[in-house]
């Protein structure tokens, strides 16, 4: 039943992108947002991505969902001239050797700038055919897209990927952030942040839930942070409100 509903969901405009802000390490400014797909099912309510994304991959709809997400992110990006946006790319989308050209065509059709768009991948995009994956990523980067390696440290070959991939960012997995209060966990976060910086990469920490974690991650050298401590994923309209508040806060008062 859910499979049939998902096949019709895009045409019925039931999918929606929520956005989670990414802030400077001091928490003072939103610099980017990550687009996260949600499905507003007519009878089941808001279906989380961990339920319908694997289904979309299994029944061959993930490319259509990915195209929709990228297109919607481009449209929303026009609302926020000072922000960048990141979108997640499924390994299944890399089965299309022309993925980079296809993504660029979508962005251009929406009059968006690929340099403001970051494609988030996981190591799984390289498991089956690593050379093809590297070539696709190189083509995407040549088109202006930036590339982030998500869930860094949870796979088997992260260090080799850092040497061979043209990346712009690594994202420290939330599982390491959650254990930053113990010595081993703190050491891992420090090591990842130092490695990223040494390689000239931006470092983002995910899953920030407390003030203590923010202070630690800033001191560890992370460039940007995201997590429930700052904001849950929210509809685009709530990002509008957050940006308006930020603008008011950062605008100096006019002299009398």
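Can you give me the orientation-averaged projected area of the convex hull built on the Cα atoms of segment 2-241, in nm²?
Over every viewing direction, the Cα hull of segment 2-241 projects on average to 12.9 nm².
Could you tell me whether segment 35-110 comes out rounded, prolate or oblate from its Cα gyration tensor? Rule is a ≥ b ≥ c as square roots of the eigenvalues, rounded for a/c under 1.5, then prolate if a/b exceeds b/c, otherwise oblate.
Numbers: a/c = 2.32, a/b = 1.18, b/c = 1.97.
Judged from the Cα gyration tensor, segment 35-110 comes out oblate (a/c at least 1.5, b/c at or above a/b).
What fraction of the DSSP beta bridges in the chain is antiparallel, stated in percent and rounded to the nearest 5? Intermediate values should be presented prior to the final figure.
Details: 16 of 37 bridges.
In the chain, DSSP labels about 45 percent of beta bridges as antiparallel.
How large, in Å, is segment 130-190 by the Kirkwood hydrodynamic radius built from its alpha-carbon pairs?
12.8 Å
Taking square-rooted eigenvalues a ≥ b ≥ c of the alpha carbon gyration tensor, is segment 98-256 rounded, prolate or oblate, where a/c under 1.5 means rounded and, failing that, a/b exceeding b/c means prolate?
Oblate shape, in that a/c is at least 1.5 and b/c is the bigger or equal ratio.
Using only the Cα atoms of segment 1-71, what do you get for the radius of gyration and for Dmax, in Å?
Both quantities, over Cα of segment 1-71: 14.2, 46 Å.
Using the count of nearby Cβ atoms within 10 Å as a rough guide to exposure, how do 51, 243 rank from fewest to most?
Least to most surrounded, the residues fall as 51, 243.
Values in this text are rule-based calculations from the coordinates and carry no lab data. The structure displayed is predicted, hence computed values, not measured ones. Positions of Cβ are backbone-derived with ideal geometry, glycine not excepted, and every protein chain shown enters the neighbour counts.
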